[in-house]
Amino acid sequence: MKERSKGRATPLDRLLLAPYSVWAVIFILVPLAFVAYYAFTDNNFRFTADNIVKFFTASSEVEGREVRTYLLIFWRSLKLAVISTVVCLLLGYPMAFIIARARPRVQKTLITLVMIPMWMNFLIRTYAWMTILQDTGILNGLLGAVGLGRMHIIGTESAVVIGMVYDYIPYMIMPIYSVMAKMDVRLIEAAHDLGCNNMNTLRRVIFPLSIPGVLSGINMVLIPSISTFYISQKLGNGKFFLIGDAIEGQYVANNLHFAAAIAFIMMIVLLAAMALLRKLADRSVEGGV
């Protein structure tokens, strides 16, 4: 009996993969092809690179100086997305560690608590934060009650970051937890036996082993954060644009080709980021982490 060649799919494998392949072509590749087609055509569907050029060259006057409008929007989107991702990592990593080290029954309870907000509609969750953060909201009411004074949060970048962190932190916790739950505890015990304290064990053993989960979580938080538009509209009070707002605005104005161009550029940037994160994850595994 012939041994099955490693990495070679059998006819049964191909048959089982057929439904997913069809789904991927129809709902992933075809829409992406349409985005690229619209990005490189004008209103008469003639080939042009003007839409791409416009993204990098369009300018407006801000505080008495000319700035590249869409590059500024992209920079703001990237900045807030990176801040949100870092905050999610700082909050989510300890939570994932606590869940992974808990007893099985407690793990199920904690995972449920993490996922419960995701069961609610995204719109409802965002409106809830509007109620909490507005000048006459719950948070300012509590601050006023304890004599700390009121803070203006709604309509600021801080409010947008808070909304992003709340909405996307489960996407950081779950990948890290899934890696930590499979971690061999004997490695941690061996580190302690060899004289490592808790901090050194975390730095030399636990964190390196959890890097694939960390990179996956960063990927899952950064991508929706950089392209969001509803959070910035509601918690930012529409005072500043993110790249998702720019795409939506062009679509509403029926500038479909320029909207597609912005989306296409974002797609290339995100694909490059995903490839980089995947390469880092592969390198960490190949390096024996």
Could you tell me whether Val87 is of a type in the set (Val, Ile, Thr), closer than 28 Å to Ile247 by Cβ and modelled with pLDDT of 95 or more? yes
For region 101-172, which fully contained helices (runs of 4 or more DSSP H) count at least 2 residues that are polar (S, T, N, Q) and either modelled with pLDDT of 85 or more or in contact with a Ser or Thr (Cβ under 8 Å, 6 or more places away or on another chain) (or both)? 104-115, 122-133
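Among Leu256, Leu215, Leu242, which is touching a helix residue (DSSP H, G or I) at 6+ places or on another chain (Cβ under 7 Å), of a type in the set (A, V, I, L, M) and closer than 21 Å to Arg125 by Cα? Walk me through it before giving the result.
Numbers: Leu256 fails: closer than 21 Å to Arg125 by Cα; Leu215 fails: closer than 21 Å to Arg125 by Cα.
Exactly one of Leu256, Leu215, Leu242 is touching a helix residue (DSSP H, G or I) at 6+ places or on another chain (Cβ under 7 Å), of a type in the set (A, V, I, L, M) and closer than 21 Å to Arg125 by Cα, namely Leu242.
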Of the numbered conditions (1) buried (at least 18 other Cβ atoms within 10 Å of the Cβ); (2) in contact with a Gly (Cβ under 8 Å, 6 or more places away or on another chain), Gly163 fails exactly one; give the number of that condition. (2)
Do we find a residue being surrounded by 16 or more Cβ atoms within 10 Å (Cβ to Cβ), among the hydrophobic types (A, V, I, L, M, F, W, C) and in a helix (DSSP H, G or I) anywhere in region 59-71? no
Check whether at least one residue in region 223-234 is among the hydroxyl-bearing types (Ser, Thr, Tyr) and surrounded by fewer than 21 Cβ atoms within 10 Å (Cβ to Cβ), and report yes or no. yes
Taking the criterion of being under 23 Å from Val221 (Cα atoms) and basic (Lys, Arg), would at least one residue in region 184-191 satisfy it? no
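Name every residue in region 174-185 that is part of a helix (DSSP H, G or I), surrounded by fewer than 24 Cβ atoms within 10 Å (Cβ to Cβ) and out of contact with any Ser or Thr (no Cβ under 6 Å at 6 or more places or on another chain), in order of residue number. Talk me through it step by step, then tell me what you get.
Of the residues in region 174-185, the ones part of a helix (DSSP H, G or I) are 174-181, 185.
Of the ones still in play, those that are also surrounded by fewer than 24 Cβ atoms within 10 Å (Cβ to Cβ) are 174-175, 178-181, 185.
Once the filter is applied, which keeps residues that are part of a helix (DSSP H, G or I), surrounded by fewer than 24 Cβ atoms within 10 Å (Cβ to Cβ) and out of contact with any Ser or Thr (no Cβ under 6 Å at 6 or more places or on another chain), region 174-185 yields Met174, Ser178, Ala181, Val185.
The values are calculated or read from the model by the stated rules, or taken from the named source; none is laboratory data. Keep in mind the model is a prediction, meaning the values are calculated, not measured. We place every Cβ from the backbone using ideal geometry, glycine too, and count neighbours over all the protein chains shown.
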